Every structure is written in C-alpha cells, then in structure tokens.
1. Looking only at the stretch B:126-160, which residues have a backbone nitrogen under 15 Å from a spot 7 Å from the Cα of B:ILE106 in the C-beta direction?
2. When only C-alpha pairs under 8 Å and at least 6 residues apart count, what is the relative contact order of chain B, in percent?
3. Quickly work out the A:LEU10-to-A:VAL301 label distance, labels modelled 7 Å from Cα along the C-beta direction, and quote it in nm with one decimal.
4. I need the calculated FRET efficiency for the pair C:LEU45 and B:CYS642, taking r as the beta carbon distance and R₀ as 35 Å, to the nearest 0.05.
5. Place +1 on the Cβ of every Lys and Arg and -1 on the Cβ of every Asp and Glu in chain A, take the dipole about the Cα centre, and give the residue among A:LEU203, A:GLY81, A:ALA168 whose Cα lies farthest towards its positive end.
6. As a quick test, which of the pairs B:LYS325/C:LYS127; B:LYS47/B:LYS78; B:LYS352/B:LYS608; B:LYS76/B:LYS551; B:LYS33/B:LYS325; B:LYS439/C:LYS109 have an alpha carbon distance above 27 angstrom in this structure?
7. I need the calculated FRET efficiency for the pair C:MET239 and C:LYS109, taking r as the beta carbon distance and R₀ as 56 Å, to the nearest 0.05.
8. Could you give the Stokes-Einstein D for the stretch B:457-585 in µm² per second, using the C-alpha Kirkwood radius, 20 °C, 1.002 mPa s?
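Coordinate-derived values only; no laboratory data. Everything quoted here is computed from the prediction, not taken from an experiment. As a convention, Cβ positions derive from the backbone with ideal geometry for all residues, glycine included, and neighbour counts pool all protein chains shown.
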Amino acid sequence: MLRYLIRRVLYAVPILVGVSLITFILFYGVVPPRQIARRNLSAKNPTPEQIQDWLVAHGYDKPMPEQFKKHMTELFLLRFGRSDSTGEDIAARIRAGAGPSFLIASLIFASALVTQLFMALWAAYFRGTYVDAWITFLCVVSMSVVFIVFVIVGQYLLGNLMRFFPLAGYQSGLSAFRFAFLPAVVGVAAGLGSGTRLYRTFLLEEVNQDYVRTARAKGVPEARILFRHVLKNAAIPIITSTVLAIPSLMLGSLVLESFFGIPGLGSYTYDAINSQDFAVVRAMVFLGTLLYIAGTILTDVCYALADPRIRLE
Amino acid sequence: MIRSVPARGVLAVLAIWTLAGCNNSPYPPGITKESIFFMSQIDDPRKLDPASSYRDDEGKILDVICPSYYEYHPLKTKVFQLKPMLGERDARREAYNYTDAGGKAIAGERWTFHIRHDLRFQDDPCFPSGKGRTITARDFLYAFRRMADPVNGSPVVSFFEDKIIGFDELIARNRERQKRGEPADYDAPVAGLQLDPADPYAFSIALNQSYPQLRYLMAMHFTSPMPYEAAAYYGGDIQRHPVGCGPYVLESWTPKRRIVLAKNPNRPPESYPDDGDPGDAEAGYLAPAGRQLPLVDKIIISTITENTTGWNLFLQGYQDAWILKQTNFQQAFSQQGMLSEEMRQHGIRLVKTNDIGVTYFAFNMQDPVVGGYTPARRKLRQAISLAVNSQEFIDLFSQGNGIVAQGILPPGIYGYDPAYNNPWRAYDPSLARARELLKEAGYPSGIDSKTGDRLTLYYDNALTTAGGRQFVGLISRQLEALGIDFESRSQRDVVWQNKIDGNNWQFTDYGWLADYPDAENFFFLLYGPNRRPGPNLTGYDNPVYNRLFEKMRAMDDTPERLAIIHQLRAMIEEDCPLIFVQHTETMTLYQGWVGPVKPNPIGNTLHKFRSVDAALRAERQREWNAPVVWPLAVLAALFVACNVPAVLVVRNRHRRHVTQRGSSTPVSPSCSVT
Amino acid sequence: MLSGWLLNIIPLAIVAALVTAVRRASRKPLWAEAIRRLKGNRVALIALAVIGLYGTVAFCDSIAWRDDRNAPLLSLVDRVFGRPQESTYSAPLAIRTFGEPMPRPLLGKHWLGTDGTGQDVVYMTLKGCRTAMIIGGFTLLIATPLALFFGMLAGYHGKTVDDAIQYTYTVLDSIPNILLLVALLMVLGRGLPQLCVALGITSWVSLCRLARGETLKHRGREYVRAARALGVSHSRIMMRHILPNLLPVVVIATTLSFSGLVLSEAILSYLQLGVAAGTGSWGNMIDASRLELARQPVIWWNLAAASTALFVLVLAFNVFGDALRDAIDPRLRS
C-alpha cells in the first residue's frame, strides 16, 4: 500500500509540472501585462509611469524566461505571491477561506450522500411502482435544470419563506452551521438528480444478483436485504463516484458561495474572475489540480480498501 | 433503535442544525442591542491608503479615519463651507515672489497652516510603545511626500505636480530611484514644502501660481497626516492599515466579509454643530447639537455582493441603511411616488441626495467622422444630441429621480443656472430639427450623401452586465430613430480603457463627480492640455476656451467669473463635444430607529454623525423575524400522502404471495419482483 | 467578412451533411438495426422531434439577408417574430409597460412579455436556439476530430506515442473543468467562437479516452493483423477499419455531452464569461434574471422562458441519448 501511494504521488509530479506550464502559457503569454496593470491601478487615468511602477512592483516587467522560472518555483513552493488587484497575500486568503469551503463542502457531501442514497433505496424498494417511475423522472428533470436556476429560485423561496437560518454571511465557530444551511440545501437539491439515478442503477444491478434471491428465499425481510446486503455490495461503485467529487466540492461551488456570502475559496475565485485577477486564478488552478489529484489517489485507496478483490501493487 | 446508517446520518445532521440555533440573525447574539450602526457594501474597497484611494466608497471610510486640515461643514449644503478640522484656524494666503533656477522671477503664493496642538495619532502597534504620539507639522508634509513616491501610485499628484515649487523635481528624482530599485527620497528638502523652525505646529506650502483650490485639496484625505512609523512597520500592507487621528479607527478588515470601525480614544474632541441651513432645526438635524462625536461606538459594514440578499436583510431589519436601486424601487414606492404603505408601517424613511456630478456621452474630437470643429461636424453632433432623450434614461433607470442635465455644471456648484436651457438637449419626439441638421451635415436620412452608405456610429463601452445592456439598448433605440446605424461594442473595463487611451474610439459614455465644489473641477474636463492621459477624454482643444479657462480657474466666485462661465458654457453648447444626460440623485432608506443624518454630497464624514436607538432595533428585529413553520409541515404531509399508496401496493404484493401459497406461516415472497 | 448570401450557404451545407451521413449510415447493418429499434421507441421519437424543432428554429435564424444596402441584416426569425420593440419590461399579454412611474401603452402584443430592453421574450428565446445549437455543434465539431485523432493514434501505436498523449490529456483532465474554462475564457475574451474553442478544449479529453479504449480493443483483432500483413498503411487501417467501429460509441458520447455543453453556457454567463452581451442566448437571459427576481413584484417571465427552453432541449437530448445507447447496444448500459 505504502509503495503504491508513493508511486502515485511521484507520478503526480510531472502532471503538476504540465499544469504549471499550461497556466504559464495562458496567463503570461496571451494577455499583455500592461492591460493587467491598467485594470488594477486606482487612478482615473494612469500615466505610463504609473503603469511601469505597477509592473515592476508585481514582477511583470522581467523577461519571459525569468518570469517562467519564477512562476514554476513559486507555484511548487506554494508561494502564491500577492493578488494583482488588492495586493494582499494569496496564501493567507487561501488559508482563511479553506475553513468555510471545507465546511460547506463536507455538509453538502454528507447530506447529498445520505439523501441520494435514501432516495435511491426508496426507489429500489418500491421498484416497479409509480414511486420508482416518478423518482426516475424527477431525477432526469432535475439533471436538466441549470444550476443557476436552482440557486436563484432556491434563495428566493427559502430566504423569504423560512426564517430559521440567516440569508447570508458567516461566522466561525459552532454557529457556522447556521450559515451553511441554506447553501447546503440548494447544493443538495441541485445535485440530487444525477446522484440518485446513478445509485439507483448500482442498487438495481445488485438486486438482480443470485445472493439476493437466496436471501429472499431464506425469509429475510425486503428492507433488511436492501440495507444489509445490497448496499454493502453497491458501496464499491458508489464510493468510486463520490470520493472523486470531493475536490470539486472543495473549490466551493463558485456560484453558491458568492450568492450566500460565504467567504470561502469559491467566492475568492469568483471575485478574482470578476476583477480579472490573474495571480489569484493561477493559484486557484494549481490548488484545484492538487486537490483533484489527491482525490483520485484517495479514490483508488478507498476502492482497494472496500473491495478485497483488488490488490494494489 | 435505529440501526440503519443513513437514518442515523440524517438524525445527526438534523441535531447539529437544531443545536446551532434557530434564528436568522447573521450577527452574534445580543450585538444588535449595542451602540453599533450596521450597513452593507457591494464590494470591498480596493485599498484604504490616504495617498492613493480615489474612489467614492474608499473615501467614505477613509475620511473618518484620516481627517484633514479642513472639513466641509456637515449641515451647510446650500453653499458648501470649509471649516478648519485639524487646523487651528483658517490658512493664511499671501503673495510669494521668488526667482526660479533659471533666474526668472515668479509671482507665486504661499499658504501657511497652523494645526491644533492637541492632535494625537491613534494607538497602533507601529508605534514603539503601542500608543499614538503627538502630531506635528512634519506629519502633514510627510503626506505630500508620500504622494510624490511613485510606489504609492497617487492619482492626484498631477494636481500638485506643476504647482508646488520643487515638487516636480522630487517626483522625477523618485522615479529615477525606483528604476534603480532604490526607495524614494523622504529627506531631501523641497522648496515648496516649508516647515517653521520656530513653531513645530506650523507649515507652509509655496506655489508658483495662484491656486485657490488648494483649500479644497486640504480637505481631501490625500493631505491627511500620516505617521512615518506606519509606513516603516507595515510596508506594502499599509494599504490595509490606515493610521490617522480621526473619530474612528479601522478595528478590523476581514476581506470580502466585513469592515469594523471603532471609536478612537485618541480622537480630538469634537462636537455636533449647532448651526446649519434654514430648515435644519425643523427637520431634526440639530437635535444632537453639542453632543460629542462620533455618536455611535462602532460601525460594521458587511460586504454583500448579491443585490437580493442585501435588500432582504434590510427588510428583515438587519441593516440600518440601504441605498435604493432600480430593482428595489417598486417595493419601496407606491404608485404616487411616495414611500409605500408597507415601508411606512415599518417606520422606514427615505432621504434624497443630489450627487454633485454629471453623466454624459462623449464624442472623440479627433475622430474623422464625428470629431472636428467645422460647421458640418458641429451640426452632426448637435443632431445626434437632439436625438438623446435624457428624461427617458431618468425614468427607466432612476425611477424618475434625477435632473435632466443641460450643461456641465450640476446644481450646487457656483455657476449653475436652473433656468438655462441647452437648445441641443431639448428633446422633440418628432426629431424634426434633428433630421434637418443631419441633412445639413451631409447625411440626409442618415445616409452619407457622398458614398451612399448609412452613417455608422460606434459606441465603445464597458457595460457588460445585465443592467448595462439595458442602458445600451436604450441609447441604441434613441439614436437609431434618427436613421443612423448604431453599433455598440461592450468590452471589459481594461479593454475599454485601452481603447480610450489609444484614441481608438468614436462615442462613449462617462461621468464625473465633483472632487470639490468649484466650477474649475468641471470645466477642466474640456481643457485642452488635460487631454489623455489627463481627464479630458474627448481631446477637446479650443484655444479660446483654454484661454478663458486659465483666466477663470483661479478667480473667486464673482460676477466676472460668472460672465466667463457663461461664455465657456456657450462654447460647449455650440461645439457639442459632450451630450449631457443627467445629474443623478441617490436615494437612501433608513430604518425607523436610525437618527436623522443630513446628506452631504461633498463631505465624506457622514459616519461620525450616525446614531441609533438600539433597544428599539432589537425589539423590531425580533418582531419581524418570527420563524415560519407551516411550509415544513405541509411538505412532510405531502411526502407521507404521496407514499402511502406505494406502501400499500408493496405490502399487498407481499401478502398476495403469502396467501397464494396457502401457508399459515409467514414466508417471504418467492420470486424477485423486479 | 463574407457577403450575406455566402453565409447562408453554411447552414444549408450543415443540414445537407447531416442528411447524407444518416442516409449512408442506414445502409450499414449496425446502424440500420439501431434505427429500426429507435423507430419503435415512441419516447425517443418525440425527443428527436423536439431536437429537430430546435434545429429548425436555429436553421431559420441562420438564413439572413438585407432588404437593401443600408437595411439591417434580418434572419427568417427576425422577420416573423421581430415584433415591435418596446421601451422596457412588460408582463405577458399586458397592454402597458411594467415598472415605470408612469406606464406607457405598448405597441404590440407579447405572449411572454418583454425583457429589459423591450424585446419580445418569445423572440429572444428563439434567438437563443441558434446560439445553443452552435455552442453544442461547433464545440463538438472541434472536439470530436481532435479526440478521435489523438485517441486512435494513442491506442493504435502504443508505447511512446500513447504515453505522450496520455500524459497530455491527464494533465488537461487534472485541472478542474470549471477552472480551466475560466482561465481560457479570461484569456481569450468573451464571444461565441472563443466559447466554443474553450469548451472544445475542455471536453475532448473524455472522448479521447473512450476512443483510445476502443482502439485498443480493436487493434488486437484479426482483421487488423491481416491488413498489416497485406501491407496496408497504418493510417488507412485506422481510417477505414477502426474508425467505423468507433463511431457507435462516439455518437452516443457526443449526443449525451451536447446537453452538458449547453448547460455550461448558462453557468459561464453568470460568471460574466459567456457569449458577448448583445448576442441572444439563454445564459444571458438567466443572468439578467438575477436582478429581475429582486424586484417586487417579481419579473419572472424572462427566467421562465429561458430556463424552460433550455430544460426542454437538455431533457430531449438526455432522453434521446439514452434511447440511442439502448438501440445501438443494450450492453453499453453499464
């Protein structure tokens, strides 16, 4: 196991190098730094000297190869530098934003998993009846609705009808849960369709197996079959598909966080996009890749742990 | 006992949620009972550095942290009045003759300032003991030197550069140093920045010309005293740690979340003024007269980017003030243009302010098609100007609030004439005169008489948002009625700015808010030498205008100045380089528990006059936010109702198999039911 | 710029190409069988009809011409549906404008009301069809050949070529999709062609993987070895033998990804990275609705029209894609 992990981590290094190369080409090669400078200067009409000053201050004035070297080393040392538009330390903001994003991500992950499994089991238990047909139909429908519409309509309905939880904002500590509720509900509702359909497929595959028929013949109640036996065996494909989703959740759904005022990584990225802050977007792309690779490694490990037939060599 | 994992999971999640508290206040419990003012902003200020912050939102926060020598009297808004704030008395202004390096005799002027002796900086870790020290004249001059340091990127240094003696040399020297990677020069003496060796609380600024507007600049935070210790201690982070001597200090700034201003124990004593404009006493603005400022202990400004969210928080009572936007208008207003019944019952008040500014469309005077000073081109511009209906803009985007702009000066500036009617801004729906002028300009019915092509006007703008698109749609419709082809090119701010600077545009939109209440601040927008990279966007360069402007800019507000202003106005009218749209108004809603604050469009220190009745606020918030439970109950009932038939069906399925086999012992169904 | 009439040839050419492709395919036994199965599936036929309807609207919107030299370029949709443009919002079937201090009478009847610039909402929705079809179609036009080329190369040649291509697409795949899109669009700028290029770059990877997997399967087959023995060149083998076997999988994958592409346009519009502001698109309409829902009374018709149109198209593609997969090879379900 350990050897496998080390090999996977080592294999990730050239991937990260490739990613840094791509980001460099994109951000340094295509857009002239003068344009970036102009955007970020507060003056109503920046003079050429002011532009030059800004370029020097942010390191955009050096020749290309030097910038490339600087870019690669800094990324790998996780020294993300300063934001183009506000000049603040990017790494500090990432550390500050990781907490809220992780909270929302894990809440959505846990709730979504539970809800989707519940609905999939519900559909599997009532398979063949109108309940199953309706659930499948609702899943396809929910998959076809744009995420934005979920957020807009969700905030409109939830914010004005229910008054249990605050509309927006954030506080660290235990009361963070209050602020995570609304975005979590919207996030779960939006992802409900695809997950439920997928798990239902896995469950139904298992339900047709021989061991289920045996159990039924032995007199085991239907509910217990589903929960005890089918679920455990369907766990393997379920795990594979869910663990892979964690890194994207971590990125904190740009849309959710900006709508509900959660100061996480997602809203940080969203603000950077809006203010064309290349330094921050570079850093987030690298971070996102790092998390994704970690997610894939974690998936393989979980897979191996769950399924004893698989041996990692 | 619930054994299944999913069910346990659901219960756990529910438990956490209920434990965390069941009220919808976004603030920690009990905080709304304290002497705090809550407001919101759409976005964080970019930075809070007195030397370089120019934007409106930055100024509103900075001016109560870093006050200046002068301040605008908060209640005198009919005619704006400066009164000494950090200064002990009014500055002395005298003629100053000297010879420059080339041996030429210059007739300049010198201003001498005396500051109060009881000023202290706020307590801040940048000071050795953590305690703020006394402020001397040297700190005021340090602010000027910070403006001359290119690292700070001060946008107003051009106001001073060519006027303070020796300042331009200092700036040039600093640039050289920066190219070499050295820090700027803060020690070398500058002829125009003079300290009094006998009095540490006095300093003088010597200019090479008459510049009455220096008074106004001494009321802007660029000239606010700054401790050199802060620059040394914070380095690049100084932009997020302003250190001043104002009524508030920046207690904390959590990026993209909130800014907290707290009362400064080191502030110079200051009390609420007891005089104002006629009518202030009746409006309640003189009620807090004599009280110590600031009136609340803290100001908490939350950053809320989504309009819906902010508006709903205001309605729930969690925000004390809200700037009204087009989208919230109909809920706030009833049909008659008065505050709606719902708002009034909640005790909400509306306050209207005239923004001292003007919005306009601009022609590029160097463009081969629309620019130039020949009669034909003038007529073309005048024709286009006649097709723009300002009132429609006001109706659609400001719900009818705002004044149609006839000229460049807004109300509140000396020289503004409410009776003035610009003939080229008189909109006539039939567009008869406009079409006539268009024909005379060589484009009958919009078609170029020489080439047979339709005249195409290219509109470069940075209006990429949904609201911006509506604006573009309106101007497109208005101008296409003339018969010309109107093509809008919306692009990102950066790209748009590049185009303007590269002289690569024909028609665009712009606006200007007064830096200070003087006509010079508006007429300089069309002063020839101020062309790009200065604020003269259009590149308008009329030698007669330039001469008259130079004559009037240093004058006091006298009838002679008024005469020149009328002449300038006539020239702008004739040449028509700008199509004036409106003088905007801002509408702010205040909750019933907020004390009255007189709006002041030039003075940015409103925060120190805010007051709240905290007990009333806590009570109202509780009243307005009682939780609503019935939707949950309905949903649960619906869920149960939907699934009951299914349960019955499945149970029947099982039972059917049992009875079919005819056995009395319960057996499970035989075949799988797929 | 190509002259008006030349541009009109492009949509005709596309339709002609599609029709020819389907007819040639129907002669092959595999496809003929799939078509037969599809014909029996009523739901799939309805979905196909819906897609056809959207396609027709997009086609009509692409045929445009000027009445005379100085008139604006108007398409079929413009001529039929370009009803009088009002000045601002109006509710469906209303007679006065909405949201003004003094509502003005409307110039025409609008079934779904008008949006902020006074355009009829039905008209804007129809204009969005073309944008959606172009986004889906053009992107796939970019991504599919790219994916097939590299996938086949990788699967066929193996060793270093395979490693290199695998490395490339693993790198691209490791960047979270939305971030790569954002980065590309920030750099390329807003606009329909830029959007298609960016979406193409982010979506070719999964197709490439699929193509590589299938090529690997077929490379070991006997007929390939026989062809090599006969001296047939590599490229000819790939084009004439392997490619037709890849097509079923590719067709299914592209159909299913079409809906994802159209959906992502809406999200990108929210991030201010979608198509240019003036282009009619459902994403822009949904983005505008953020402010509209904040008003009281609420302006809902813009959002409703755009999201319904989007929803129906995506649903149709999902349903048809599933049915196609079942028709071609039921074993592919898992």
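1. B:159-160
2. Values: 1151 pairs, mean separation 116.1, N = 674.
Once divided by the residue count of chain B, the mean separation gives 17 percent.
3. 1.8 nm
4. Values: r = 31 Å, r/R0 = 0.87.
E between C:LEU45 and B:CYS642, to the nearest 0.05, is 0.70.
5. A:LEU203
6. Details: B:LYS325/C:LYS127 30 Å; B:LYS47/B:LYS78 32 Å; B:LYS352/B:LYS608 19 Å; B:LYS76/B:LYS551 29 Å; B:LYS33/B:LYS325 29 Å; B:LYS439/C:LYS109 35 Å.
Where the Cα-Cα span goes over 27 Å, the pairs concerned are B:LYS325/C:LYS127; B:LYS47/B:LYS78; B:LYS76/B:LYS551; B:LYS33/B:LYS325; B:LYS439/C:LYS109.
7. Working: r = 56 Å, r/R0 = 1.00.
The value I calculate is 0.50.
8. 130 µm²/s
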